[in-house]
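A.B. asks: Handing you this structure, nothing more for now.
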Amino acid sequence: MISIGLLTGILFTCILAAFAMGAQVGLALGGIAMLVGYFTWGDAVFNVVPTTIEDNLFSFILLSIPLYIYMGQLLTRSGIGEAMFNASQMLIGRVRGSLAISVIIVCSLIGAMVGIIGAGIMTSGSIALKPMLDRGYDKRLALGVIMAGGGLGILIPPSVPMIMFSAVTQNSVGRLFIAAIVPAILAIVLFITYIVISCKLDPKRAPLDAEPEQPLTGLERFKTIRDGGLALLLIVLVLGSIMGGIATPTESGAIGVIGALILAGIYKRFKLTTLRLAGVETALLVAVAMWIIMGASVFSNFHLLMGVQSLVAQFTADLGLPPWGVILLMQGVMLLLGFIIDEFIIVLMCAPIFTPIAVGLGYDPIWFGILMILNIEIAIQTPPYGFALFYLKGIAPPGVTMMDIYRSITPFVLIKLLVLIICIVFPDLVLWLPNKLMGAG
């Protein structure tokens, strides 16, 4: 019988080779697991596929993924992102760096609407990047705030990776959503602080906007705030229905879709074309996500059945590390994985293995889940191979190089790393709000 250590080495070597050859992620993960399993278990390994489909793809929690993605597509295609941007800019006023601050706030919310890092960054960038460059903002600052704000979408509820974590670890997605609020606010505050200080030290990074030729009338100001406020109200309604115990995360996704349709009507942008394009884009994103979930789940289930969890537990015990050392080791592993694979796969591969070990060491699974999301967000934005970097390059103007993007994201990645460290050192920062609203877990 092949040892689990050798089997793990074979699996990951094959996966890296498949990724290097450009193989489709979901098919590569599931196919390699079944191929290796066939030569170690025989025909019995194929029983993993139907049980995985039944356990994962028929999950009520995962039904929320297409609902949240559809809500995000409707909101962004209805011009609601632009309305939020205008309202935020007007409220902040004419101060140095105000546009960058607006981008952090609005892009964070747009990323949350979409729920996926890639779509969040590309949607945010398409709305906010050109206005910043046109107004003379430093190229690196403009790129950095787009990446930082759009990337926060998987930390600000509703988040697709959080839903996946909840599904594979059998933890409350509502508690996970609420636990993410304080770390997300902390990250946004630190981003804004950095922007203000850096623009004060180097005024060339963010020129002051020129005074408008014709100041907005009172009615125009009211409409601007109303349009942006309604979009924010929808996000609050979706999250509030979960926090108040009124709706499950899946039901709140349906509330969000209905609310997005109503807002599109209020903004007079309710068109059949918008519905069709949003539906097609949602179908494409969901299809990709489900194939990845399927392949990664087959891989994880096979690996778990072979005993990788006991291998990891034994390995960490042999190292003689204290519990906090084991947590840091897991963070390091996930950080390295984020250099080569995306957020979905990391959650589906690592959550079923690492979370039970963390719980066995006496840590809260919700706290560990937030650490995982924070870690993933850092990893896939870290040069040189973070996936999110290439999303931004895809929408950047021709003159923007990869080196520009690497330099732009570096200070924001360091800030996110600081947030991760703070949440590790002070677990109550993560757990206080869910315990307050939903009782101790």
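The values are calculated or read from the model by the stated rules, or taken from the named source; none is laboratory data. Please read all numbers here as calculations on a predicted model, not as lab measurements. Cβ: placed from backbone, ideal geometry, glycine included. Neighbour counts: every protein chain shown. Just so you know, the surface numbers come from the protein's heavy atoms only, side chains and all, with ligands and any DNA or RNA stripped out. Shrake-Rupley method; radii C 1.70, N 1.55, O 1.52, S 1.80 Å.
A.B. asks: Given (1) modelled with pLDDT of 85 or more; (2) surrounded by fewer than 21 Cβ atoms within 10 Å (Cβ to Cβ); (3) of a type in the set (F, W, Y), where does F165 come up short, assuming only one miss?
C.D. replies: Going through the list (1) modelled with pLDDT of 85 or more; (2) surrounded by fewer than 21 Cβ atoms within 10 Å (Cβ to Cβ); (3) of a type in the set (F, W, Y), F165 breaks only (2).
A.B. asks: Could you give every pair whose Cβ atoms fall below 9 Å, whose first residue belongs to the range 228-243 and is open to solvent by less than 60 Å² (accessible area, probe 1.4 Å) and outside any helix (DSSP H, G or I), and whose second residue is charged (D, E, K, R) and modelled with pLDDT of 75 or more, counting only separations of at least 6 or pairs across chains?
C.D. replies: none
A.B. asks: Go through the range 262-286 residue by residue and tally those that are farther than 26 Å from P161 by Cβ and not polar (S, T, N, Q).
C.D. replies: Counting residues in the range 262-286 that are farther than 26 Å from P161 by Cβ and not polar (S, T, N, Q) gives 12.
This table checks each residue for (1) modelled with pLDDT under 80; (2) touching a helix residue (DSSP H, G or I) at 6+ places or on another chain (Cβ under 6 Å); (3) within 27 Å of C423 (Cβ to Cβ).
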position: L201; (1), (2), (3): no, no, no
position: P212; (1), (2), (3): yes, no, no
position: G218; (1), (2), (3): yes, no, no
position: D227; (1), (2), (3): yes, yes, no
position: V238; (1), (2), (3): yes, yes, yes
position: G245; (1), (2), (3): yes, no, yes
position: G253; (1), (2), (3): yes, yes, yes
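A.B. asks: Can you go through I378, I409 and tell me which one is among the hydrophobic types (A, V, I, L, M, F, W, C) and in contact with a Gly (Cβ under 6 Å, 6 or more places away or on another chain)?
C.D. replies: After applying the criteria, what remains is I409.
Per-residue answers, yes or no, for (1) open to solvent by less than 30 Å² (accessible area, probe 1.4 Å); (2) assigned to a helix (DSSP H, G or I):
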| position | (1), (2) |
| --- | --- |
| L6 | no, yes |
| I10 | no, yes |
| A17 | no, yes |
| A23 | no, no |
| G26 | yes, yes |
| G31 | no, yes |
| L35 | no, yes |
| F39 | no, yes |
| N47 | no, yes |
